[in-house]
Structure formats: structure tokens, C-alpha cells
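J.: Sharing a structure, written as C-alpha cells. Questions coming.
The values are calculated or read from the model by the stated rules, or taken from the named source; none is laboratory data. What you see is a predicted model, and the numbers here were worked out from it, not measured in a lab. Positions of Cβ are backbone-derived with ideal geometry, glycine not excepted, and every protein chain shown enters the neighbour counts. Side chains included, ligands, DNA and RNA excluded: accessible areas come from the protein's heavy atoms. Shrake-Rupley method; radii C 1.70, N 1.55, O 1.52, S 1.80 Å.
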Amino acid sequence: MVILAKDLSKTYRIPRRKPGIINGLKSIVHREYDEILALDKVSFQIDEGELVGYIGPNEAGKSTTIKILSGILTPSSGECKVLGKIPYKDRINYVKDIGVVFGQRTQLWWDLPVIDSFELLKDIYKIPPKDYLKNKEELIEWLGLTNILNIPVRQLSLGQKMCCELAASLLHSPKVLFLDEPTIGLDAVSKLAVREFIKKINKERGVTIIITTHDMDDIETLCNRVIVIGRGQILSDGPLISLRNAVSKDRRLIIEIEEGDNGFNIEGTRLVNRDKNRLTIDFDPDIISPANLISILSTSYKIKDILIENPPIEEIIAKLYGRLNI
Amino acid sequence: MRAYLSIIKIRFNLLLQYRVAAIAGIITQFFFGMIFVMVLHGFYSSTSKPMPINFHSAATYIWIGQAMLGMMPWNGDKEIQSLIRTGDVTYELIRPIDLYDYWFARAFALRTAPTFLRAIPLFTMALLLPKDYGMILPPNIFAFLAWIVTTFGALLISCTITNIINITTLYSISGEGIIRLLSAIVNLFSGLVVPLPLFPDKIRQILYLLPFNGLLNIPARFFTGDIPFNKLINYFGFQLIWAFILYVLGKWILKKKIKNIIVQGG
């Protein structure tokens, strides 16, 4: 087991500001605080080489968890251990074994070429020159950075920058990698490149990875295991497939038909959408098997094309949030 | 150590790029210097009483102050302030390196690189000015050496104060308030506006005990030979003691703050 979180809680104390000048003046003398429970007894374990998705709506506590695990924040109560160490104690000794990427922040020196930031990180992490060279070459090749290394960071596109951020966080060969929204704001092509790379790092180097994201395609392509958090509590933890099953067993059938509207009313099905001759139907395979459903449909429609798929993960998550009233 | 040298190097390199800022600084400091020196000239020529230091020493003192202004801790590190404001400071906290020393290395570059760019042209200009307004050369090589040594001492005090400003930004987010306050204190108490020997007796005695005394007054007066070379150990010692006190103080505040840090934004 590489990562252990046990009953982690974090309370923030935030000054309460009431609107208006009078209240503003009052707050100079007397401050009132609101206590906000960002994490409420969060527990999980992650094994070596796992690639875990950590998802939840805004304010759910994702970033707070990542910040505690990476040693930046101290939890109000509970304990956590990463690689056998307590992150927030002996922070300096701990962080050399982990890599962190915050998608909304930058660790590269804005006005300097990317390579300068890499060289500085080499010295900060005391990476032996040989390891550094080999590692750097590999990361540059995998991420296709050759042509952008000498460009000042401020002139890079968001996608290029993210690739450089990923490389920067891996130069010291960490065993654990925390990715906080690494695909935020990226275009489709960059997203694919980033995902490909994350997969590769996980597979070929055996790096244990936790990734938070709002992009469900990230989860779908990368993670076998998903932890869902909402209002500071863990709502579900397990393989993507059991999350699907727990929330809704429905599968989705999309058929293209010839003209005609015969309406339909088959037990265990629900018409989600009708776009001219294209019907989207959700069905529960426990009540009606796909074969059965198709044969019934084919008696009333002339079917031109047929497609069965899983409902998109966004809808599953939305349903889960909805059910738990988040 | 290597890491800190790298940080100083990278930052130094970066700061050398800001040439327009350097030129603007040179012009501003030149005019400020001229004004201060002319005011002093007026005072000196309207009194017949003996003054604590002679006019040429006072003018040289002013010019050293203006030339070395970049080394004075009258502002924080803008980059660190913006890191704190945006929350990018999180990345500083995941580095396997002491945050205080890391920021100290940055402060070191901040206090040296721009000073380097500005001091040489300003000294040249001040030396070429007519004798009544310009600066004079040190009386001997020892005075010059003592100036180099105590300037290094001043640099250490300046970096520790700069770091305290950086750290207090963690408390107040913008750091704007403390910087205004400090800027006024440093300007006055270091002798940038009026050389410390010209202050009234009682105030002067207190000012001589404060760390700001080590920023400009001590180096400048060694330069002019006003303080003799054989007192170097005492004064350099004074600077080191203050630098150490401020170092410990800064480390302590930072350690206290990091325990209950809150990161801004998402």
C-alpha cells in the first residue's frame, strides 16, 4: 500500500464579511469567522502502480485532499501516510519522492526558456547528472518537447505548457504523482497527448497516480478505479464499472429507423431522445435483454442502423450527485 | 548549496534582462541624489558651526545611498508576492528545500542584480559631477576595502529584512501595507534621506543601535574614511549580529505560519 488516508478532516476558518461600509468598519475591530468543513473523515487506500481518478463537484474537497497528501496542508484531524511517511511532518524529506501538477498553476519560470526551469529543478532535487540526462531525454521524447525547450514559457500554448509541467514534475523520478486537473482548458488534441502520456508513465514506470478532473473522458480512458467525493465525504470508491452499476444499470440503445412513428411502450425501457429518425433508448438489461429488445423493436420499425453503448459517465455522475442531493 | 546558487544564478540572469527599469532607476536616483545634495549644500553653507561630518563626506554618503538603493530592503520580492496572491506558492511548498533559505537566495539575487546594473553608472556620474555636488573617492585603499566588507554585511541585513517582508505577505495576502510602512522606516532610519550623523543627538543614539544603521550608514562612512579601518571588526560584527537576529526571526515567523497555511484559490 502506497497511500493511506484515515479519517482525514480539514476545517477552514474563513473571516465572515457582511456587506456594507458599517460592517466593513466593524470587522476591523471584531472579526467573525465561519468554520467550513472541507473534508469530513475521508478514508481510502491506494496500492502501488494504481491509477486512481478522484472526482467530485467544485468545493467537494478534491484539491484539499491533494494538498494534504502532498504535504502542503496539515489536516485538522485524522492521519495519512504516503510511501510510509507522514506528508505534513518532515515535509522537506517527504516531497522529494512525490511529483505534483496543479493544472491551474505553474511551476515554470515565466520569462525563461523551459530548459532553464528543468536545470533549476535538477539542482533543487539534487538529481545525479546521469539520471537527469537520461530521464530528461526520455520525457522530452515521450512528450515531443524537442522544439519548444528553448522558448520562454510565456510564449507557449496551454497544451505545450502542460506537457512541460508534466515533464517538470517527473524529472526526479517520483514514485507517486498527484495530478490536480491536468487537462483543464486544453483542446482535444492536447488532452489526448496528456492522457497518452499519463498512461505511459503509469505503465512503464509503475508510478502510482491520483488524478482529479472534471473531464469524464479522462476518467474513462485512464482510470480503473474512481473515488467520488462530495461535500467532503467519500461517496463511492471502486472500479468504474461498479460505479455505473451502483448508480444505474441502464445501457443505451441508439437506432436509426425509416419513416414512421409507431410509438412504443416496452417494459424496462425509456425513450431518452428522438431526433427525427434517430431514437435513443435507455434500457435495463435485467428486465429486457438487448436481443429481445431489438427483436421487439424490429417488428414495429424498419431499423437502418443500431448501436449499443454505456451512458456517458457525466450522466452517471450527475445522477449520483442528484441522488445524494449535492 | 548548489540549489541555492542555481536559484541566485537564474534569478540574477532574469533581473539583468530588465534594462529599461535600470535606466529609469538611474535617472530617478540621479535626480533624487542631486536634490538631496543641493539641500545639504544649502544647509552647510548657511551654518558656521562645525558639523558632525564634512560636506564632501555627506554628499558622498548621499550618492552611495542613491547608487545602492536597489540593495535597500524597501520592497518585497514581487514574484513571491504574486505567488502568494495567486496560490502558486503551493509549488514552493512541494520542493525538498527549506522555504526560508530558498526565498533568501531569491532575495539575494533581487538585492544584487539590479544594484549591479544601476550602481556603476551612478557612481561614474556622481564622480564626474562638479566638486561641490559630486562624490569623492575613498581616502585610501583600506577605506575602500572596509566599504566592500560592510556592503556585504549590509546585503545580509537587507536580505533578511526582505525575507521578513515576503513572509508577512503570507499573513496579509497583498503585503501592500507592511511594505509602505517599511519603506518609510527604511528610508528614514538608514540615512537615505538625511545622513544619520546629522540627526539630533538622542535620536541618533537610538538609530545607531537599529539594524537599519547597518544598511547604508556603516558602509558609507567607511568609504569616506569617517570611521577608521581599525573599527571594521566592531561594525561588521554589529551587522552580522543583526543579520543573524533577523534571520532567526524570519525563520520563526515562517515556521509558525506554514503550520496553518491556507492556499488561495481552487
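J.: Which residues of the range A:104-127 show a drop of at least 30 Å² in accessible area when all protein chains are present, compared with their chain alone (probe radius 1.4 Å, heavy atoms only, ligands and nucleic acids excluded)?
T.: Flagged in the range A:104-127: A:105, A:106, A:107, A:109, A:111, A:112, A:120, A:123, A:124, A:125.
J.: Given DSSP loops and a limit of at most 15 other Cβ atoms within 10 Å, what is the longest stretch of chain A that contains no such GluC sites (Glu not before Pro)?
T.: Values: sites that count: A:48, A:59, A:258, A:259, A:267.
So the longest stretch without any such site is A:60-257.
J.: Oh, and also: Kindly provide the helix-only [θ] at 222 nm of chain A, computed as the sum of -39,500 (n - 2.57) over DSSP H runs of four or more divided by all residues, to the nearest 500 deg cm²/dmol?
T.: Numbers: 11 runs with 115 residues, N = 326.
Here the helix-only value at 222 nm equals -10500 deg cm²/dmol.
J.: In the P(r) worked out for the range B:149-266, what percent of Cα pairs fall beyond 24 Å?
T.: Values: 2315 of 6903 pairs.
In whole percent, the long-distance tail amounts to 34.
J.: Which semi-axis lengths, in whole Å and largest first, follow from the square roots of five times the eigenvalues of the Cα gyration tensor of the protein assembly as shown?
T.: Values: eigenvalues 815, 120, 98 Å².
For the protein assembly as shown, the semi-axes come out at 64, 24, 22 Å.
J.: To test your reading of the geometry: what angle, between 0 and 90 degrees and rounded to tens, separates the Cα axis of helix B:19-46 from the longest principal axis of chain B?
T.: 40 degrees
J.: Return a whole-number percent for the relative contact order of chain B, with Cα pairs under 8 Å and 6 or more residues apart as the contact set.
T.: Details: 322 pairs, mean separation 75.5, N = 266.
Once normalised by length, the contact order is 28 percent.
J.: Test of understanding: in a Gaussian network model of chain B with alpha carbons linked when under 10 Å, which of B:59, B:184, B:154 would top the mean-square fluctuation ranking?
T.: B:184
J.: For the protein assembly as shown, what is the percent of antiparallel DSSP beta bridges, rounded to the nearest 5?
T.: Values: 42 of 60 bridges.
So the antiparallel bridges in the protein assembly as shown amount to around 70 percent.
J.: Past 21 Å, Cα to Cα, is the threshold; run B:9/B:256; A:67/A:130; A:96/A:126; A:41/A:81; A:122/B:259; A:6/A:200 against it and keep the listed order.
T.: Values: B:9/B:256 29 Å; A:67/A:130 31 Å; A:96/A:126 9 Å; A:41/A:81 15 Å; A:122/B:259 27 Å; A:6/A:200 30 Å.
Checking Cα-Cα distances, B:9/B:256; A:67/A:130; A:122/B:259; A:6/A:200 exceed 21 Å.
J.: What spacing in nm lies between the two simple spin-label points modelled at residue A:295 and residue A:150, each 7 Å away from Cα in the Cβ direction?
T.: The answer from the label model is 7.0 nm.
J.: Between residue A:224 and residue A:259, what FRET efficiency follows from the Cβ-Cβ distance if R0 is 51 Å, with the result rounded to 0.05?
T.: Details: r = 44 Å, r/R0 = 0.86.
Calculated value: 0.70.
J.: If you don't mind, there's one more thing I want to ask. Give the calculated FRET efficiency between residue B:209 and residue B:128 to the nearest 0.05, with a Förster radius of 30 Å applied to their Cβ-Cβ distance.
T.: Approximately 0.25, to the nearest 0.05.
J.: Starting from the Cα of residue B:85, step 7 Å toward the Cβ, then list every residue of the range B:162-194 with an amide N under 17 Å from that point.
T.: Residues passing the 17 Å test: B:165-181.
J.: Taking springs between alpha-carbon atoms closer than 10 angstrom, which of A:85, A:130, A:96 fluctuates most in the Gaussian network model of chain A?
T.: It is A:130.
J.: Can you list the residues of the range A:216-235 with backbone N under 18 Å from a point 7 Å past the Cα of residue A:12, pointing along Cα to Cβ?
T.: A:229-234
J.: While we're on this one: What figure in square angstrom, to the nearest 10, would you give for the accessible area of residue A:100 with a 1.4 Å probe?
T.: Roughly 0 Å² of residue A:100 is accessible to a 1.4 Å probe.
J.: So, one more: Going by accessible area, probe 1.4 Å, with all protein chains left in place, what is the ranking of A:274, A:252, B:2, largest first?
T.: Working: A:274 85, A:252 20, B:2 155 Å².
Result, largest first: B:2, A:274, A:252.
J.: So with the 1.4 Å probe, I'd like the accessible area per residue for chain B, rounded to whole Å².
T.: Accessible area per residue, chain B: 47 Å².
J.: With loop defined by DSSP as not H, G, I, E or B, and exposure as at most 16 other Cβ atoms within 10 Å, which is the longest segment of chain A clear of exposed chymotrypsin sites (Phe, Trp or Tyr not before Pro)?
T.: Values: sites that count: A:110, A:264.
It runs A:111-263.
J.: If B:56, A:214, A:172 are ordered by their accessible area, calculated over protein heavy atoms with a 1.4 Å probe, which sequence runs from highest to lowest? Let's see the in-between values first.
T.: Numbers: B:56 50, A:214 80, A:172 25 Å².
Putting B:56, A:214, A:172 in descending order of accessible area: A:214, B:56, A:172.
J.: Say we join alpha carbon atoms closer than 10 Å with springs in a Gaussian network model of chain A; which of A:111, A:215, A:40 then has the biggest fluctuation?
T.: The residue with the greatest mean-square fluctuation here is A:111.
J.: Continuing with the same structure: Output ³J(HN,Hα) for the range A:137-154: one whole-Hz value per residue in order, computed from phi by the Karplus curve 6.51 cos²θ - 1.76 cosθ + 1.60 with θ = phi - 60°, and x for Gly and Pro.
T.: For the range A:137-154, the Karplus-derived couplings read 4, 5, 5, 5, 5, 4, 9, x, 9, 3, 7, 10, 4, 9, 9, x, 4, 5 Hz, x marking Gly and Pro.
J.: Accessible area per residue, 1.4 Å probe, Å², for the range A:284-326: what's the number? Write down the numbers at each step before the final one.
T.: On the way: 2670 Å² over 43 residues.
Per residue, the range A:284-326 has an accessible area of 62 Å².
J.: Expressed as an acute angle from 0 to 90° and rounded to the nearest 10, what is the orientation of the C-alpha long axis of helix B:141-172 relative to the principal long axis of chain B?
T.: For helix B:141-172, the angle is close to 40 degrees.
J.: If each Cα of the range B:2-259 is one equal point scatterer, what is log10 of I(q)/I(0) from the Debye formula at q = 0.12, 0.15 Å⁻¹?
T.: Log-scaled intensity ratios, in q order: -0.72, -1.09.
J.: If you plug each phi of the range A:78-85 into the Karplus form 6.51 cos²θ - 1.76 cosθ + 1.60 with θ = phi - 60°, what whole-Hz ³J(HN,Hα) values come out, in order, with x for Gly and Pro?
T.: x, 9, 8, 9, 10, 6, x, 10
J.: Using 0.36 nm times the number of residues separating residue A:90 and residue A:246, minus their current alpha carbon distance, what extension gain do you get?
T.: Numbers: separation 156, 0.36 × 156 = 56.16 nm, distance 4.02 nm.
Result: 52.1 nm gained on full extension.
J.: Pulled fully out, how much extra length does the chain show between residue A:203 and residue A:97, if you take 0.36 nm times their separation in residues and subtract their Cα-Cα distance? Provide the component values of the computation, followed by the final result.
T.: Working: separation 106, 0.36 × 106 = 38.16 nm, distance 1.81 nm.
Computed gain between residue A:203 and residue A:97 is 36.3 nm.
J.: Distance in nm between label sites at residue B:38 and residue B:172, each 7 Å beyond Cα in the beta-carbon direction?
T.: Each label point lies 7 Å from its Cα, and together they span 3.4 nm.
J.: What whole number of Å gives the distance from the Cα centroid of the range B:98-144 to the Cα centroid of the range A:1-41?
T.: Their Cα centres are 46 Å away from one another.
J.: Rounded to the nearest 10 degrees, what's the angle between the helix A:114-124 long axis and the longest principal axis of chain A, both from Cα atoms, 0 to 90?
T.: Roughly 60 degrees, rounded to the nearest 10.
J.: One-quarter of the Cα convex hull surface for the range A:161-227, in nm²? Don't skip to the answer; put the middle values down first.
T.: Values: hull surface 17.0 nm².
Averaging across all directions leaves 4.3 nm² for the Cα convex hull.
J.: Let me ask another. Counting only residues 5 or more places away or on other chains, whose amide H sits under 5 Å from the amide H of residue A:177 once H atoms are built in the peptide plane?
T.: Answer set, sorted by chain and number: A:99, A:208, A:209, A:210.
J.: Here is a follow-up. May I ask for the accessible area buried between chains B and A, both sides summed, probe 1.4 Å, to the nearest 100 Å²?
T.: Values: alone 13780 and 17550 Å², together 28540 Å².
Buried area between the two chains comes out at roughly 2800 Å².
J.: Based on DSSP H runs of at least 4 residues, each adding -39500 (n - 2.57), what is the mean residue ellipticity at 222 nm of chain B after dividing by all its residues, to the nearest 500 deg cm²/dmol? Numbers along the way, then the final one.
T.: Values: 11 runs with 187 residues, N = 266.
It comes out at -23500 deg cm²/dmol, rounded to the nearest 500.
J.: Name the residues of the range B:97-128 whose amide N is less than 19 Å from a point 7 angstrom out from the Cα of residue B:19 along the C-beta direction?
T.: Taking a point 7 Å out along Cα→Cβ of residue B:19, the residues of the range B:97-128 whose backbone N falls under 19 Å are B:113-122.
J.: Continuing with the same structure: If I model a spin label as a point 7 Å beyond the Cα along the Cα-Cβ vector, how far apart are those points for residue A:4 and residue A:110 in nm?
T.: Going from the residue A:4 label point to the residue A:110 one covers 4.3 nm.
J.: Could you work out the per residue convex hull volume over the alpha carbons of the range B:106-185, in cubic angstrom? Intermediate results must be reported in sequence, preceding the final value.
T.: Numbers: hull volume 10.0 nm³, N = 80.
Convex hull of Cα atoms, per residue: 125 Å³.
J.: Next question, about the same structure. Quick one: what are the phi-derived ³J(HN,Hα) couplings along the range B:131-138, Karplus 6.51/-1.76/1.60 with θ = phi - 60°, whole Hz, x for glycine and proline?
T.: With coefficients 6.51, -1.76 and 1.60, one gets 4, 6, 10, x, 9, 10, 6, x Hz.
J.: Summarise the accessible area of chain B (1.4 Å probe, protein heavy atoms) by the percent that is carbon and sulfur.
T.: On the way: 8840 of 12390 Å².
The value for chain B is 71 percent carbon and sulfur by accessible area.
J.: Using 1/(1 + (r/R0)^6) with R0 = 56 angstrom and r between the beta carbons of residue B:255 and residue A:270, what's the FRET efficiency to the nearest 0.05?
T.: Working: r = 60 Å, r/R0 = 1.07.
That pair, residue B:255 with residue A:270, gives E of 0.40.
J.: Given H placed on each backbone N at 1.01 Å, which residues far from residue A:229 in sequence or on other chains put an amide H within less than 5 Å of it?
T.: Result for residue A:229 returns A:55, A:56, A:235.
J.: Which percent, nearest 5, of DSSP beta bridges in chain A are antiparallel? Let's see the in-between values first.
T.: On the way: 42 of 60 bridges.
Bridges in chain A are about 70 percent antiparallel.
J.: On the accessible surface of the range A:53-212, probed at 1.4 Å, how many percent belong to carbon and sulfur atoms?
T.: Numbers: 3200 of 6350 Å².
Reported share for carbon and sulfur atoms: 50 percent.
J.: Could you work out how far the C-alpha centroid of the range B:33-87 sits from that of the range A:131-184, in angstrom?
T.: After rounding, the separation between the Cα centres reads 46 Å.
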